[in-house]
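A.B. asks: Please read through the structure below; I'll follow up with questions.
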Amino acid sequence: MKRRSLKMVKNKKKIHYRLLVIIPLFLFNMSCGKQIVSAEKGSNSEEAFPVKVEAVQKKLFKKTIDVQGTIDSKEHAIVSARIDGVLTDLFVDEGDTVVANETPLFQVDKLKVEQAYEIAKQDLNVAKCAIREADANLANMKAQFDKAQIDYERFQHLLEKKAVSKDTFELQETRYKASKAGLEHAEAVCQLANEQLKKAEYALKIAEKTLSDSLVYAPISGKISYKFVQKNEFIGGGRPVVKIDNPEVLEVSAFLPAEYYPYIKEKETQLELYVQEEKIDTLTVNYKSPTVLPNLRTFEIKAILDKKDEKIIPGVMAKIEVLLEQRENLGVPKVCVITQGKEKYLYKIVDSKSQKVIVNTGFETDGWIEIIEGEINEGDKVVSMGQSFIKDGQTVQVLEER
């Protein structure tokens, strides 16, 4: 039994050995057969390389620049205090609607400016009274002077006739001179009273203007969007108190590099507005800054936004695609053009063979590229897939689109 099992083991080893020798030989013969067949086929004909093609088309190509912009109210106002003082009244709150020149916003030092105005009015009345007093005194002094002058002339004649003593004449002469000086003084007092009247009138105008400036009305219609201070705070003239935005009319603004300044034309240049990756509208530039900012080398453009949308609110950031230039020309899908160093070329199909065409390209729009120079015509078929694996003059097989 033991000898029989040993014999069976030896037979299995022989079978394994034979298989290990026969199988590699079989595979070798098969591979050699395939190489001979493929060589025979290659010697008889060139195998066509499969490619996909696109037709050359005329399209509208655009030169654009993408920038970030801001949507804001076209009409907005930061309303500041006009005088120093305590903010005694703040009549509005954030979100309130205001009407231009009708809605009061706030008042500064109400009691103080009202009392100053009343004092200025009283000072004007006092000045008017002083005028009347000075006029009356002038009239009195003029009458006294007239009488003194007559008496002086009469006594002068009497002295010549030796009818009065020299001492009596001198007394009359002194009275005349005193009356004349009194008249001049009265005239000066009248002039001073008139100047004081003018001063009081100007002071009243200033007090009236201060009273008017203390109470500030809405300069534009809209809504209160922000409060900078609170009631009873002390504020200086020129300090912002509230901001008003008119959400009815919006505009979008952006800053462009100075190199694009010649391309922008007011009332001509168009831009496309995107908010949250969604196209909102196509707008026309209505403002171009007359100068370039010297520190940033940029300039501002603006466009009115008429369309209403929940996403469009003052302060929102927006993507702006500015159309700088556009023209109609022949074009191909961008993938068709191969770039090697400074050379650009593509393959067009002529009689089932690839033909290399050197090209110059221009603008790119929606995945297509403009062909400025190159021996191609509208309707020509150019390789759009497989162009990296073929060469000039190679036979190709155009794959049909499914």
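A.B. asks: Separation between the Ala188 and His76 pseudo-spin-labels, each 7 Å from Cα along Cα→Cβ, expressed in nm?
C.D. replies: 6.3 nm
A.B. asks: Here's another thing I want to ask about it. Just how large is the dipole of the chain about the Cα centre, in debye to the nearest 20, putting +1 at every Lys and Arg Cβ and -1 at every Asp and Glu Cβ?
C.D. replies: The dipole magnitude comes to about 4120 debye.
A.B. asks: Under the Kirkwood approximation for Rh and a Cα-based Rg, what ratio Rg/Rh is obtained for segment 249-291? Mind dumping the intermediate values first?
C.D. replies: Details: Rg = 11.3 Å, Rh = 11.6 Å.
We get a ratio of 0.97 for segment 249-291.
A.B. asks: State, as an integer percentage, the relative contact order of segment 108-216 based on alpha-carbon contacts under 8 Å between residues 6 or more apart. Present the calculation step by step, with values, prior to reporting the outcome.
C.D. replies: Numbers: 76 pairs, mean separation 57.1, N = 109.
Reported as a whole number, the value is 52 percent.
A.B. asks: What would the Debye equation give as log₁₀ I(q)/I(0) for segment 211-258 at q = 0.17 Å⁻¹, counting only Cα atoms as equal point scatterers?
C.D. replies: -0.71
A.B. asks: Counting only other residues whose beta carbon sits under 15 Å from that of Phe169, what net charge do I get with K and R as +1, D and E as -1? It would help to have the intermediate numbers written out before the result.
C.D. replies: Details: positive: Arg154, Lys161, Lys162, Lys166, Arg175, Lys177; negative: Asp151, Glu153, Glu160, Asp167, Glu170, Glu173.
After counting each charged neighbour, the total is 0.
A.B. asks: Within 9 Å, Cβ to Cβ, of Val275, how many net charges do the neighbouring residues add up to if Lys/Arg are +1 and Asp/Glu are -1?
C.D. replies: Numbers: positive: Lys279, Lys311, Lys319; negative: Glu277, Glu278, Asp309.
After counting each charged neighbour, the total is 0.
A.B. asks: Only Cα pairs under 8 Å and at least 6 apart count here; give the relative contact order of the chain as a rounded whole percent. Walk me through the numbers on the way to the answer.
C.D. replies: Numbers: 705 pairs, mean separation 112.8, N = 402.
Relative contact order for the chain comes out at 28 percent.
A.B. asks: Convert 4 °C to kelvin, take the viscosity as 1.567 mPa s, use the Kirkwood radius over C-alpha pairs of segment 63-136 as Rh, and evaluate the Stokes-Einstein diffusion coefficient in µm²/s, rounded to a whole number. Don't skip to the answer; put the middle values down first.
C.D. replies: Values: Rh = 17.5 Å.
For these conditions, the coefficient is 74 µm²/s.
A.B. asks: What FRET efficiency comes out for the pair Glu266/Phe228, r = Cβ-Cβ distance, R0 = 41 Å, nearest 0.05?
C.D. replies: Values: r = 34 Å, r/R0 = 0.83.
Efficiency computed from Cβ-Cβ geometry: 0.75.
A.B. asks: If I compute Rg/Rh (Cα atoms, Kirkwood Rh) from the structure I just sent, which labelled value in (1) 0.98; (2) 1.20; (3) 1.54 lines up?
C.D. replies: The calculated read-out lines up with (3).
A.B. asks: Please check which bits of segment 181-217 a label hung off Thr103 would reach, taking the label as a point 7 Å along Cα-to-C-beta and the cut-off as backbone N under 15 Å.
C.D. replies: 216-217
A.B. asks: Turning to a different aspect of this structure: In deg cm²/dmol and to the nearest 500, what is the mean residue ellipticity at 222 nm of the chain if only DSSP H runs of at least 4 residues count, each as -39500 (n - 2.57), divided by the residue total?
C.D. replies: Details: 3 runs with 143 residues, N = 402.
Value at 222 nm, helices only, nearest 500: -13500 deg cm²/dmol.
A.B. asks: Note down the nm distance, to one decimal, between modelled labels 7 Å out along Cα→Cβ at Met385 and at Cys129.
C.D. replies: 10.5 nm
A.B. asks: For labels at Asn286 and Leu215 in the simple 7 Å Cα→Cβ model, what's the distance in nm?
C.D. replies: 3.5 nm
A.B. asks: Any chance you could run the full-extension gain for Lys121 through Glu259? It's 0.36 nm times the residue separation minus the Cα-Cα distance, nm to one decimal. Don't skip to the end; give the middle numbers.
C.D. replies: On the way: separation 138, 0.36 × 138 = 49.68 nm, distance 6.19 nm.
Stretched out fully, the Lys121 to Glu259 stretch lengthens by 43.5 nm.
A.B. asks: Are there any GluC sites (Glu not before Pro) in segment 38-131 that are in a DSSP loop and have at most 13 other Cβ atoms within 10 Å? List them by number. Don't jump to the answer; show the numbers that get you there.
C.D. replies: Working: sites: Glu40, Glu46, Glu47, Glu54, Glu75, Glu94, Glu102, Glu114, Glu118; in loops: Glu46, Glu47, Glu94, Glu102.
Listed in order of number, the matching sites are Glu46, Glu47, Glu94, Glu102.
A.B. asks: For segment 259-332, what is one quarter of the convex hull surface built on the Cα atoms, given in nm²? Before the final figure, lay out each step's value.
C.D. replies: Values: hull surface 28.0 nm².
Mean projected area of the Cα convex hull: 7.0 nm².
A.B. asks: Can you give me the pair-distance distribution of segment 320-402, C-alpha pairs, 10 Å bins, whole percents?
C.D. replies: Histogramming segment 320-402 at 10 Å steps yields 16, 49, 26, 7, 1 percent.
A.B. asks: Jot down the per residue volume, in cubic angstrom and as a whole number, of the convex hull over the alpha-carbon atoms of segment 108-216.
C.D. replies: Working: hull volume 7.6 nm³, N = 109.
Spread over its residues, the Cα hull of segment 108-216 gives 69 Å³ apiece.
A.B. asks: Another question, then. For Glu201 and Asp146 in the same chain, what is the full-extension length gain: residue separation times 0.36 nm, less their Cα-Cα distance, in nm?
C.D. replies: Details: separation 55, 0.36 × 55 = 19.80 nm, distance 3.44 nm.
Additional length available on full extension: 16.4 nm.
FYI, it's all coordinate maths here, none of it is from the lab. Just so we're clear, the structure is a prediction, and the values are computed from it rather than from any experiment. Ideal geometry is used to build each Cβ from the backbone, glycine not excepted, and the neighbour counts take in all protein chains shown.
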